[in-house]
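S.K.: Have a look at the structure that comes next, please.
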Amino acid sequence: MTNYFAFIDESGNSTQERFFGLGLLMLQNTGALYDSVKPYYERILANAKLIKNRRIKELIKNNNLFELEDLSNSSVQFEMKFRNINFSNNLIYKALIAEYFNFKDSMFCCLVKDRNEIKSGTFFDPWESYINDTAMLLANNIKKLSHCEICVLCDDLSKPANISDTFENRLMVAVNKKLIKIGISDCLFGVVILESHASLMIQLVDILLGCVMFDFKREVGLISQKQFERKNIVVAECRNIIGEKIL
């Protein structure tokens, strides 16, 4: 029996976003990858702290007390995110991508949906899509494996007010339904919701998914020149390693 951890993250749940993406990272052993990712996290965190301290000094110098108060009251937890890639940290993110691909036993896949291609009049529900598409990705990967047990760790996504059932239960039911259809049962060990800032592996999914979605957006003109200059060096590293001109 082989045990796997499956880390899930999504992107683009806002109705203002054209693309909705879902990423899945499956690992047998998280320890080695975690230890390799942690130094990059620490470097990116140190860079963020340096920039924040510079900003604080600038606000104090300019006597901008309102922005200084907003900055000091911020409760946002730090995490690595594709959207936060900039000129000061993109080389670190690039090196992180290269480090990830040293782990040949890891499995990553993703699904990207274009809201413009959804049938007119059809309501797109990110929460339902998160559950159904996660179930599809998990089932399609599990059927390629033999005699495995999987623990799923998902990034938290706000539950609609009209839903009383838990996300964990809904996902368990959805995955098991798909697995039963292909003759597989009792392999899902459990489902856990985590805040993404608490898991380096979920943050890694965010970065990998962000690379793929970057090329989707670039193809339809949704990436500005400034965004391209900041982030393409990271995405290009991903393209080059897997030998593709576009993700």
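The values are calculated or read from the model by the stated rules, or taken from the named source; none is laboratory data. Here the structure is a predicted model, which means the values were calculated and not measured. Neighbour counts run over all protein chains shown; Cβ positions are idealised from the backbone, glycine included.
S.K.: Residue by residue through segment 228-247, note down the ones that are buried (at least 16 other Cβ atoms within 10 Å of the Cβ) and farther than 20 Å from G23 by Cα.
M.R.: R230, I233, listed by residue number.
S.K.: A further question on this structure: Considering only segment 177-191, state which residues are surrounded by 13 or more Cβ atoms within 10 Å (Cβ to Cβ) and out of contact with any Ser or Thr (no Cβ under 7 Å at 6 or more places or on another chain).
M.R.: K178, I184, C187, L188, F189, V191
S.K.: With the checklist (1) modelled with pLDDT under 85; (2) surrounded by 18 or more Cβ atoms within 10 Å (Cβ to Cβ); (3) of a type in the set (A, V, I, L, M, F, W, C) in hand, flag the one item L145 doesn't pass.
M.R.: Failing condition for L145: (2).
S.K.: Continuing with the same structure: What are the pairs with Cβ atoms under 6 angstrom where one residue, in segment 38-61, is of a type in the set (A, V, I, L, M, F, W, C) and the other, located anywhere, is in a helix (DSSP H, G or I) and surrounded by 14 or more Cβ atoms within 10 Å (Cβ to Cβ)? Sequence gap at least six, or different chains.
M.R.: Cβ pairs passing all conditions: I44/I92; L59/L68.
S.K.: Considering only residues that are of a type in the set (A, V, I, L, M, F, W, C) and over 27 Å from I97 (Cβ atoms), look in segment 40-68 and name the one that is surrounded by the most Cβ atoms within 10 Å (Cβ to Cβ).
M.R.: The qualifying residue surrounded by the most Cβ atoms within 10 Å (Cβ to Cβ) is L59.
S.K.: Would you mind telling me which numbered condition in (1) at pLDDT 85 or above; (2) surrounded by fewer than 12 Cβ atoms within 10 Å (Cβ to Cβ); (3) aliphatic (A, V, I, L, M) V37 fails?
M.R.: Failing condition for V37: (2).
S.K.: Have a look at C187, C211, C148 and point out the one that is within 15 Å of C110 (Cα to Cα) and not charged (D, E, K, R).
M.R.: Testing whether each residue is within 15 Å of C110 (Cα to Cα) and not charged (D, E, K, R) leaves just C211.
S.K.: Continuing with this model, one more query. Among the candidates I92, I85, I56, I60, single out the residue that is in contact with a Phe, Trp or Tyr (Cβ under 8 Å, 6 or more places away or on another chain), of a type in the set (V, I, T) and over 30 Å from N132 (Cβ atoms).
M.R.: On inspection, the qualifying residue turns out to be I92.
S.K.: Does N89 qualify as being touching a helix residue (DSSP H, G or I) at 6+ places or on another chain (Cβ under 8 Å), surrounded by 17 or more Cβ atoms within 10 Å (Cβ to Cβ), within 30 Å of I223 (Cα to Cα) and in contact (Cβ under 8 Å) with a residue 24 or more places away in the chain? If you could, list the steps in order and put the result at the bottom.
M.R.: Details: touching a helix residue (DSSP H, G or I) at 6+ places or on another chain (Cβ under 8 Å): yes; surrounded by 17 or more Cβ atoms within 10 Å (Cβ to Cβ): yes; within 30 Å of I223 (Cα to Cα): yes; in contact (Cβ under 8 Å) with a residue 24 or more places away in the chain: yes.
Yes: the conditions hold for N89.
S.K.: S158: part of a loop (DSSP other than H, G, I, E, B), among the small types (G, A, S), out of contact with any helix residue (DSSP H, G or I) (no Cβ under 7 Å at 6 or more places or on another chain) and closer than 30 Å to V235 by Cβ, yes or no?
M.R.: Yes, satisfied.
S.K.: Can you find a residue that is assigned to a helix (DSSP H, G or I), closer than 30 Å to M1 by Cβ and within 21 Å of the chain's Cα centre (by Cα) anywhere in segment 48-60?
M.R.: no
S.K.: Can you work out which of the residues in segment 113-138 that are of a type in the set (S, T, Y) and more than 15 Å from D155 (Cβ to Cβ) is farthest from the chain's Cα centre (by Cα)?
M.R.: If we take residues in segment 113-138 being of a type in the set (S, T, Y) and more than 15 Å from D155 (Cβ to Cβ), then S120 is farthest from the chain's Cα centre (by Cα).
S.K.: Take the residues of segment 148-162 that are more than 21 Å from the chain's Cα centre (by Cα) and surrounded by 12 or more Cβ atoms within 10 Å (Cβ to Cβ): which is farthest from F5 (Cα to Cα)?
M.R.: C148
S.K.: Also, I was wondering about something else. The conditions are (1) assigned to a strand (DSSP E or B); (2) more than 18 Å from M26 (Cβ to Cβ), and F189 fails exactly one of them. Which is it?
M.R.: Condition (2) is where F189 drops out.
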